[in-house]
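One structure is given below, encoded as structure tokens.
The values are calculated or read from the model by the stated rules, or taken from the named source; none is laboratory data. Owing to the predicted nature of the structure, the values given are computational and were not obtained by experimental measurement. Don't worry about glycine lacking a Cβ; one is built from the backbone with ideal geometry, like all the others, and counts go over all protein chains shown. Accessible surface areas use protein heavy atoms only, side chains included; no ligands, DNA or RNA. Shrake-Rupley method; radii C 1.70, N 1.55, O 1.52, S 1.80 Å.
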Amino acid sequence: MQVNEFKPKIVAFCCNWCSYAGADLAGSNRLAYPAEVKVIRVPCSCRVNPMFILRAFQRGADGVIICGCHPGDCHYTSGNYYTRRRMALLFSMLDYLGIEKGRTRVEWVSAAEGAKFAQTMNDFVQTVTALGENKRLEDLRCKK
Amino acid sequence: MQRIGVFVCWCGSNIAGTVDVKAVAEALKNEPGVVHSANYQYMCSQAGQELIKDAIKEHKLTGIVVCSCSPRMHEGTFRKTAEAAGLNPYMVEIANIREQCSWIHKDIAEGTEKAIVLGRTAIAKVNLNAPLMAGESPVTKRALVIGGGIAGIQTALDIADAGFEVDIVETKPTIGGKMAQLDKTFPTLDCAACILTPKMVDVAQHEKIKIYSYSEVVDVRGFVGNFEVTIKKRARFVKEDICTGCGLCTEKCPQKKVPNEFNLGMDNRRAIYIPFAQAVPKVATIDPNYCTMLKTGKCGVCAKVCTANAIDYTQKDEFIDQKYGAIVAATGFNPISMEKFDEFAYSQSKDVITSLEFERLMNAAGPTAGKLVRPSDGKHPQKIVFVQCVGSRCAACAEKGKEYCSKICCMYTAKHAMLTRDKYPDTDVTVFYIDVRTPGKNFDEFYRRAAEEYGVHYIKGMVGKISPEGDKLMVRASDLLANKQINMEADLVVLAAAIEPDKSARPLATMLTASMDTNDFFTEAHPKLRPVESPTAGVFLSGCCQGPKDIPETVSQAGAAAAKVIGLLAKDKLKGNPCVAHSDEMMCNGCSSCEKVCPYGAITYEDKEFRGPNRTTLIRRIAKVNEAICQGCGCCTVACPSGAMDLKGFASKQIMAEVDAICK
């Protein structure tokens, strides 16, 4: 009997300067993480509008992770501080709406932390897989 | 509607090994807007680029997607290719199917599926791309070099020789750095001072170079070509332009018990001092922590003896604002602290010293005038033990050491051992090592000379414990090749301490918004292809602030950094980043939300007339982005409550199209 294994859809927003480079480093070092993770490159984690995250959940994403430079190391000096505060608010609202906290995450990954990137993604995918499919905000009208 | 061309790269077998590139090219053919799809072994090669150019012309493409390696690698390459074929360079998007797909997945089906999604995502974005034009900004034709060691000196000389002005900022009262403290240099054994001091003099005399000694950088603003830097010139209580460096004050100062940092505290200096005879600038400095006049107001001997009247006890720290086009970090290194290495008894015995201290002991200008004696009793040591890799390659003890190899220790230990045996043939010299690493021109020959001709005993094995017993030191170690424990008496133990980046590097990196690795070394824009550039445009790296290196390597890297700086300063105008914020004046209500979060102050407000109903005129306050100042972080776009602010190249619609494509 074939087991239909659940593969979550994960959207990862990575800032161009630290985390995207960290993801590249994970690749250069051949550190595997699940193929379910798809990275969107943004100039800074503060470019991530809460709207994008809502959109992802509406379109059927099962988890959204935002990666930026470590606090204090932002290429644009202060962008990640805004990310931290904005996302704290948004995630708490999403939690209220029934999107479990495990489906959303902000993580600081520097350009040198390829291993941390891979490990974070492995861990995040595992958490989201355990939570199962996101049905809460998914707009079935988008699935034609 | 766009006419999009998709180009899937094999990257030899790097991508094609785990991604079925032909299937990817075939699948992406049917995406909206795609009119052409191709695959090729090496898209970045000349032939690959020609293929793209021909396709752009043949199919009248308005946008292209290259499925290849990371955009951090070849985005620039493919933008140039597009531009050469008459396409706007910002109509190019890269789908990263190497670093973020083929290299991390082993299963071909899985890799191919992901590559298709990544390609689809890039196509969805390109569909919404608009041509962008980069603005131009002028270049300030002057460079700043932070750090005045051999790296900074060489970089400054090379830039200045090309005709550009250079300022050197050095925290110490003199330039020269660590190299000035060294005795002889491997593998040629020429004396460090003999080859360094003429360069220091060249710097001092060069009409294009200005030295800010005893100074530090406290603030950096601006961007490539247009940096504004605040330099804090600390008060040295001596008028620099008047002091002749005669040194009379340093002889007469009654405060004699100040540890001399140039000799690593192994002897004393006065409260007013010139670090060493060949210091540049040769100007005295008063140490405010020890000067009785500055502390209690009673003394003033130096002012009395100074014939030039250069002493000024009222001098204050000075803040200087200066503009630069390029900045070179050359902050150098320090040996790590030995405090944590209790097993080597560094804090317990004066006769356990670091290699840099040994360097001073052997130096003719050092505390013992070059006589090798034990710091405890001044006797000549008969048995010397050198311990290599103290804190280097220390993955298991990362809390006190470093994981990396410090690179220079094997060679300088061989040098120390050789010099000791040369000067004092009766001395017994033993070196404990994990591996002896000698890659470099004439390096292995040098090490073999030490071991074979000079009779230095090399023992493979790590020292476990050193304990002072009477006036001797007991060294307990393992001999890995003989597979036995060794207990050995020594008169002097020299620890090859690991080197780490200078402590000033971290705050400097924050000011420069340049990235660092976990060891606080500056990261390069590319580890192999752009080793002297920081990922932050306009910031360059020279010397040990980028990684451990010896003098020849530092000098070559310094020259390379200078070449990059010259290349930048030779330009009259720089093309800016067109991916900047833009406010839709019809939607903006002038609320100031964006202005508050902008880290650069790029947003201003203006009152603009709009046509109202019934021929009336409305005056509304709207946000305006200064494109020359905006760096394109996009923070304002999220802060904007009315959705008027957007980021060119990373527009909300584009990112949402990417989200949709991933979630499809």
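Explain nothing, just the number: dipole magnitude of the range B:248-305 about its Cα centre with +1 on each Lys and Arg Cβ and -1 on each Asp and Glu Cβ, in debye rounded to the nearest 20. Before the final figure, lay out the partial values.
Numbers: 9 positive and 4 negative charges, 53 e Å.
Dipole magnitude for the range B:248-305 comes out near 260 debye.
Binned at 5 Å from 0, what are the whole-percent values of the Cα-Cα distance distribution for the range B:335-500, short to long?
Histogram of Cα-Cα distances, whole percents per bin: 2, 9, 19, 23, 23, 16, 7, 2, 0.
If you project the alpha carbons of chain B onto the principal axes, what extent comes out on each, in Å, largest first?
Result for chain B: principal-axis Cα extents of 95, 66, 41 Å.
What part of the accessible area of the range B:354-471, given as a whole %, is carbon or sulfur when the probe is 1.4 angstrom?
Numbers: 2510 of 4940 Å².
Answer for the range B:354-471 is 51 percent, counting heavy atoms of protein chains only.
Using only Cα atoms and rounding to the nearest 10 degrees, what angle (0 to 90) does helix B:409-423 make with the longest principal axis of chain B?
So the inclination is approximately 20 degrees.
Based on Cβ point charges of +1 for Lys and Arg and -1 for Asp and Glu, what charge dipole magnitude is obtained for the protein assembly as shown about its Cα centre, in debye rounded to the nearest 20? Numbers along the way, then the final one.
Working: 101 positive and 90 negative charges, 298 e Å.
I would put it at about 1440 debye.
For residue B:256 and residue B:518 in the same chain, what is the full-extension length gain: residue separation times 0.36 nm, less their Cα-Cα distance, in nm?
Numbers: separation 262, 0.36 × 262 = 94.32 nm, distance 4.13 nm.
The span from residue B:256 to residue B:518 would gain 90.2 nm if fully extended.
Identify, among B:438, B:625, B:368, the residue whose Cα sits farthest towards the positive end of the charge dipole of the protein assembly as shown, taking +1 on the Cβ of Lys and Arg and -1 on the Cβ of Asp and Glu, with the dipole about the Cα centre.
The one lying farthest along the dipole's positive direction is B:625.
As a check on your grasp of the helix formula, calculate [θ] at 222 nm for chain A: sum -39500 (n - 2.57) over DSSP H runs of n ≥ 4, divide by the residue count, round to the nearest 500. It would help to have the intermediate numbers written out before the result.
Details: 4 runs with 56 residues, N = 144.
So the helix-based figure for chain A works out to -12500 deg cm²/dmol.
Tell me the angle of helix B:652-663 to the major Cα principal axis of chain B, expressed in degrees between 0 and 90 and rounded to the nearest ten.
90 degrees
So what is the diffusion coefficient of the range B:248-305 in µm² per second by Stokes-Einstein at 10 °C and 1.306 mPa s, using a Kirkwood Rh over Cα pairs? Present the calculation step by step, with values, prior to reporting the outcome.
Details: Rh = 11.6 Å.
The calculation lands on 137 µm²/s.
Per residue and in Å³, how big is the convex hull formed by the alpha-carbon atoms of chain A?
Working: hull volume 16.1 nm³, N = 144.
Dividing the Cα hull volume of chain A by its residue count gives 112 Å³.
Chains A and B: how much accessible area gets covered up at their contact, both sides added, probe 1.4 Å, in Å² to the nearest hundred?
Numbers: alone 8290 and 30510 Å², together 34660 Å².
Buried area (both sides, nearest 100 Å²): 4100 Å².
What is the Cα coordinate range of the range B:36-190 on the first, second and third principal axes, sorted by size from largest, in whole angstrom?
Here the spans come out as 64, 43, 27 Å, largest first.
Projecting each Cα onto the charge dipole of the protein assembly as shown (Lys/Arg +1, Asp/Glu -1 at the beta carbon, about the Cα centre), which of B:586, B:155, B:487 comes out farthest on the positive side?
B:586
Please give the calculated 222 nm ellipticity per residue for chain B, where each DSSP H segment of at least 4 residues contributes -39500 (n - 2.57) and the sum is spread over every residue; nearest 500 deg cm²/dmol? Mind showing how you got there, number by number?
Values: 17 runs with 173 residues, N = 664.
About -7500 deg cm²/dmol.
Over the whole of B:619-632, what's the average partner chain Cβ count within 10 Å per residue? Rounded to a whole number, please. Please report the intermediate quantities before stating the final value.
Details: counts 0, 0, 0, 0, 0, 0, 0, 0, 0, 0, 0, 0, 6, 5.
Partner Cβ neighbours, averaged per residue: 1.
Under a 1.4 Å probe, what is the accessible area of chain B per residue, stated in Å²? Could the numbers behind the result be given before it?
Details: 28390 Å² over 664 residues.
Here the per-residue accessible area is 43 Å².
For Cα pairs less than 8 Å apart in space and 6+ apart in sequence, what is the mean separation divided by the residue count of the range B:248-305, i.e. the relative contact order in percent?
On the way: 79 pairs, mean separation 20.6, N = 58.
Rounded, it is 36 percent for the range B:248-305.
For the range B:464-540 and the range B:590-664, what is the separation of their C-alpha centers, rounded to whole Å?
48 Å
Place a +1 charge on the Cβ of each Lys and Arg in the range B:473-572 and a -1 charge on the Cβ of each Asp and Glu, then give the dipole magnitude about the Cα centre in debye, rounded to the nearest 20.
Details: 9 positive and 12 negative charges, 55 e Å.
Using only the charged Cβ atoms, the result is roughly 260 debye.
Helix B:150-161 versus the longest principal axis of chain B: what is the Cα-based angle in degrees, 0 to 90, to the nearest 10?
Roughly 60 degrees, rounded to the nearest 10.
Any chance you could get the radius of gyration and Dmax over the Cα atoms of the protein assembly as shown, in Å?
When restricted to Cα atoms, the protein assembly as shown yields Rg and Dmax of 30.9, 106 Å.
On the accessible surface of the range B:545-646, probed at 1.4 Å, how many percent belong to carbon and sulfur atoms?
Working: 2640 of 5180 Å².
The nonpolar share, carbon plus sulfur, comes to 51 percent.
Measure out, as a whole number of angstrom, how far apart the alpha-carbon centroids of the range B:564-584 and the range B:318-374 sit.
About 40 Å separates the Cα centre of the range B:564-584 from the one of the range B:318-374.
Can you give me the distance in nm between label points at residue A:93 and residue B:339, each placed 7 Å from the Cα along the Cα-to-Cβ direction?
4.8 nm
Take the cross-link list B:208/B:549; B:379/B:402; B:400/B:564; B:256/B:304; A:38/B:106; B:208/B:415 and give me the ones stretching past 25 Å between alpha-carbons. Walk me through the numbers before you get to the answer.
Numbers: B:208/B:549 28 Å; B:379/B:402 34 Å; B:400/B:564 36 Å; B:256/B:304 17 Å; A:38/B:106 16 Å; B:208/B:415 37 Å.
With Cα atoms farther than 25 Å apart: B:208/B:549; B:379/B:402; B:400/B:564; B:208/B:415.
Below 8 Å between Cα atoms, with a sequence gap of 6+, how large is the relative contact order for chain B in percent?
Values: 1462 pairs, mean separation 84.5, N = 664.
Computed over chain B, the figure is 13 percent.
Just to be sure I understand the interface: list residues from the range A:63-87 that lose 50 Å² or more of accessible area between the chain on its own and the complete protein assembly, 1.4 Å probe.
Output list: A:75, A:76, A:82, A:86.
Which entries in the list B:596/B:648; B:172/B:472; B:316/B:596; B:323/B:653 go over 30 Å, if you measure between the two C-alpha atoms of each? Can you show the working numbers first?
Numbers: B:596/B:648 20 Å; B:172/B:472 37 Å; B:316/B:596 35 Å; B:323/B:653 38 Å.
Exceeds cut-off: B:172/B:472; B:316/B:596; B:323/B:653.
Among the trypsin sites (Lys or Arg not before Pro) in the range B:438-541, which ones are in a DSSP loop with at most 14 other Cβ atoms within 10 Å of the Cβ? Mind listing them? Write out the running numbers ahead of the final one.
On the way: sites: B:441, B:448, B:449, B:460, B:465, B:472, B:476, B:484, B:503, B:528; in loops: B:441, B:503, B:528.
Passing sites in the range B:438-541 are B:441, B:503, B:528.
Does the range B:1-87 classify as rounded, prolate or oblate by the C-alpha gyration tensor (a ≥ b ≥ c root eigenvalues; a/c under 1.5 gives rounded; else a/b over b/c gives prolate, otherwise oblate)?
Working: a/c = 1.83, a/b = 1.17, b/c = 1.56.
It comes out oblate by the Cα gyration axes.
Roughly to the nearest percent, how much of the accessible area of the range B:124-249 is carbon and sulfur, given a 1.4 Å probe?
The computed percentage sits at 53.
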